[in-house]
Amino acid sequence: MVGAEAIRTRIDQLQSSARREIRAFVRPPLVTPAPSDDVERTLASRSVRHRVVYEQPLLDAPSVIPVIRQALERGEHFRLAPRLPVKLLVIDDRVAVVGDPYTPPGAEPCVLVTHHPLLVELCVALFERLWDDAAPEQPSDDEGAPADPEDRLLLSLLLAGLTDQAVAVRSGLGQRTVQRRVSQLMQAARVDSWIQLGWQAARRGWL
């Protein structure tokens, strides 16, 4: 399938059909927007789970953090990876959309849409491998999990290795605000350092 408009339409249709889970790799350049409000309401009514891995360089784009904030408010689970091999969307283990990572600048984007069980299984395996690598996979007991999506965003940026100043720039918050919120999270986790906070956040399944 070739062309941004055709890809957007098809992906919207596929997301609307989801019944259990949507998995995705998101890497630059962004071609498709977040699901429409109608699609989101439909998915919410079905309790469809979202898991997304964002390629870390996306954080340099000012438009990306608001998208991640909205996703967190919708209940999306996300992680950050230094690099992703492809763009990917998997719907319910039954259909996969794979984006061409080698599209030349200025060329029309193209994707492969497949229902072939073996190819879909391979895409699922790739997603799960990189999802596990994106952050430590530890048992989740939701102990003291922060309810505010903004705190989950800050934790994810910290686990990606960003400094408090870099987190402030990318999140649009003041550096003192970031430090204050991180201090509150450290108190909730009963730790004394950012490294311990990251470890506890992963152990407790806060992300």
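Figures for the structure shown
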| read-out | value |
| --- | --- |
| Filter result for P57 (modelled with pLDDT under 85 and under 27 Å from A201 (Cα atoms)) | yes |
| Those residues of region 79-121 which are among the charged types (D, E, K, R) and over 19 Å from Y54 (Cβ atoms), in sequence order | D92, D93, R94, E108, E121 |
| Residue, modelled with the lowest pLDDT, within region 12-33, restricted to residues that are of a type in the set (V, I, T) and within 16 Å of V67 (Cα to Cα) | T32 |
| Pair list, Cβ under 8 Å, 6 or more apart: region 2-20 residue free of Cβ contacts under 8 Å to residues at least 40 places away in the same chain, other residue exposed (fewer than 14 other Cβ atoms within 10 Å of the Cβ) and in a loop (DSSP other than H, G, I, E, B) | R8/P33; D12/S36 |
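The values are calculated or read from the model by the stated rules, or taken from the named source; none is laboratory data. Since the model is a prediction, treat every value here as computed from it, not as a measurement. Cβ coordinates were reconstructed from backbone atoms using ideal geometry, including for glycine residues, and neighbour counts include every protein chain displayed.
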